[in-house]
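Undergrad: Structure provided below as structure tokens; questions to follow.
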Ligand code: NAD
């Protein structure tokens, strides 16, 4: 596998270094991976004047998978929009056509106190949200703000278009059914079919796919109920699939159930399982360069890379089990620290995962 590493800005270089060290242990054990490194975000603006330079785009097109740290920081916030680091991120996502965003929300029993919900409600939580990433009301045309005659007189109106084609729903549905098959075999599709025609089509299309996956139990839920159920009884969910806007909101809600942003990986995949893997958090400029950031979200993103782009479930599980072991051993970075546990920095956490991998 050719892996492009894009460390990015802030804590990005520190956390991706640990994830690469973890992957290198697997290379030594026979998993074939080659690494290249490129510039994305603020560091790319500083180096080349562009947040997503052509050289990085070439490397990204050529790679089988991309491991990304995070981009952004206050020093680039006043640049013109096209030079902002976030443009680099949107640019690479758009160019690679990664339409399926997979965000697991896992609460390790050792971290149950980090959640704002009662430990018994969230302990052992393991949900995967599959969010469609390149369609829906975020991209639908027409859209705009213009002056019109309205019942309140002439004034500005704003509008967007919620739109999905059947094929767009089918391709995200396939990713979700297949992910459910590899996990607890339950899939909940979330829509708002009682009000929105677009999501009636969503429900009909997902329902029509179910006979191809007889081993997966399909259910449907309205998005308002899903938002409620996620905080009432989140452990009822295994895999959740939904459109771009509902997924944006529900995946943030689900991830916060775990209470620890430094623990949450993500994957964005295209139709061939080429993927962009990154932690769900940002570049944390407030702690950058101090060696205290939690590298586990990035290490868990590397595990997702092995699972989805590498099709190597055994290697993915090895990394995930190593992370579970270091948590059970009491290693904690500052963001997940509790009295009585062993507070460590970024490098020591990487060392602990590597030791657990080799054990
Ligand atoms: P953030 O996620 O970077 O940080 C929020 C808080 O969480 C901070 O206190 C930070 O120290 C802490 N935190 C985040 N990751 C951590 C880790 N691994 N270990 C320990 N603590 C961690 O969000 P923000 O402060 O809103 O944004 C900072 C910058 O990151 C901005 O420039 C923003 O645009 C960018 N950003 C980038 C991405 C991305 O690259 N995908 C996502 C979100 C934000």
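The values are calculated or read from the model by the stated rules, or taken from the named source; none is laboratory data. These numbers come from a predicted model, not from an experiment. Positions of Cβ are generated from backbone atoms using ideal geometry, with glycine treated the same way; all protein chains shown enter the neighbour counts.
Undergrad: Would you mind stating whether residue 170 is more than 18 Å from residue 269 (Cβ to Cβ) and within 23 Å of the chain's Cα centre (by Cα)?
TA: Here the answer is no, as residue 170 does not meet what is asked.
Undergrad: Exactly one condition in (1) modelled with pLDDT under 95; (2) buried (at least 22 other Cβ atoms within 10 Å of the Cβ); (3) touching a helix residue (DSSP H, G or I) at 6+ places or on another chain (Cβ under 8 Å) is false for residue 349; which is it?
TA: The single condition residue 349 does not satisfy is (1).
Undergrad: Going through 26, 68 one at a time, which residue ends up being near the ligand (Cβ under 9 Å from one of its atoms) and either at pLDDT 95 or above or part of a helix (DSSP H, G or I) (or both)?
TA: None of the other options fit; the residue is 68.
Undergrad: Specify which of the listed residues (151, 141) is over 24 Å from the mean Cα position of the chain (by Cα), modelled with pLDDT of 90 or more and under 27 Å from residue 176 (Cα atoms).
TA: From the options 151, 141, the qualifying one is 141.
Undergrad: Being assigned to a loop (DSSP other than H, G, I, E, B) and more than 21 Å from the chain's Cα centre (by Cα) is the filter here, so list the residues in region 30-53 that pass it.
TA: 30, 31, 32, 33, 49, 50, 53
Undergrad: Out of region 291-311, which residues are within 15 Å of the ligand (Cβ to nearest atom), free of Cβ contacts under 8 Å to residues at least 60 places away in the same chain and under 20 Å from residue 30 (Cβ atoms)?
TA: Within region 291-311, no residue meets the criteria.
Undergrad: Residue check, residue 95 against (1) under 30 Å from residue 54 (Cα atoms); (2) surrounded by 14 or more Cβ atoms within 10 Å (Cβ to Cβ); (3) touching a helix residue (DSSP H, G or I) at 6+ places or on another chain (Cβ under 9 Å), all met but one. Which one?
TA: (2)
Undergrad: Ok, one more. So residue 13 ticks every box in (1) closer than 21 Å to residue 274 by Cα; (2) in a helix (DSSP H, G or I); (3) under 20 Å from the mean Cα position of the chain (by Cα); (4) free of Cβ contacts under 8 Å to residues at least 60 places away in the same chain but one. Which box is left unticked?
TA: (1)
Undergrad: Pairs only if they're at least six apart or on different chains, beta carbon under 7 angstrom, first in region 275-290 and farther than 15 Å from residue 16 by Cβ, second near the ligand (Cβ under 10 Å from one of its atoms) and modelled with pLDDT of 95 or more; list them, first residue then second.
TA: Cβ pairs passing all conditions: 285/10; 285/73; 285/74; 287/11; 287/293.
Undergrad: So, one more: State which residue is surrounded by the fewest Cβ atoms within 10 Å (Cβ to Cβ) when the search covers only region 98-117 and only residues that are over 17 Å from the mean Cα position of the chain (by Cα) and within 16 Å of the ligand (Cβ to nearest atom).
TA: 116
Undergrad: Then there is this: In this structure, does residue 319 turn out to be surrounded by 22 or more Cβ atoms within 10 Å (Cβ to Cβ), under 24 Å from the mean Cα position of the chain (by Cα) and more than 16 Å from residue 261 (Cα to Cα)?
TA: Answer is yes for this residue.
Undergrad: If you take the residues in region 259-272 that are touching a residue at least 12 places away in the same chain (Cβ under 8 Å) and out of contact with any strand residue (DSSP E or B) (no Cβ under 9 Å at 6 or more places or on another chain), which one is nearest to the ligand (Cβ to nearest atom)?
TA: Ranking the qualifying residues of region 259-272, first place goes to 260.
Undergrad: Looking at region 125-225, what strands (runs of 3 or more DSSP E) fall wholly within it and have at least 2 residues that are crowded, with 17+ Cβ neighbours inside 10 Å?
TA: Filter on region 125-225 gives 126-132, 186-191, 217-222.
Undergrad: Taking into account only those residues within region 273-285 that are farther than 22 Å from residue 32 by Cα and under 11 Å from the mean Cα position of the chain (by Cα), which is nearest to the ligand (Cβ to nearest atom)?
TA: So the residue we want is 281.
Undergrad: Could you please let me know if residue 53 is in contact with a helix residue (DSSP H, G or I) (Cβ under 7 Å, 6 or more places away or on another chain) and within 11 Å of the ligand (Cβ to nearest atom)?
TA: Taking the combined requirement at face value, the residue does not satisfy it.
Undergrad: Just one of (1) touching a strand residue (DSSP E or B) at 6+ places or on another chain (Cβ under 9 Å); (2) part of a helix (DSSP H, G or I); (3) free of Cβ contacts under 8 Å to residues at least 40 places away in the same chain trips up residue 56, so point out which.
TA: (3)
Undergrad: Of the residues 314, 328, 288, 355, which is farther than 22 Å from residue 35 by Cβ, surrounded by fewer than 20 Cβ atoms within 10 Å (Cβ to Cβ) and more than 15 Å from the ligand (Cβ to nearest atom)?
TA: From the options 314, 328, 288, 355, the qualifying one is 328.
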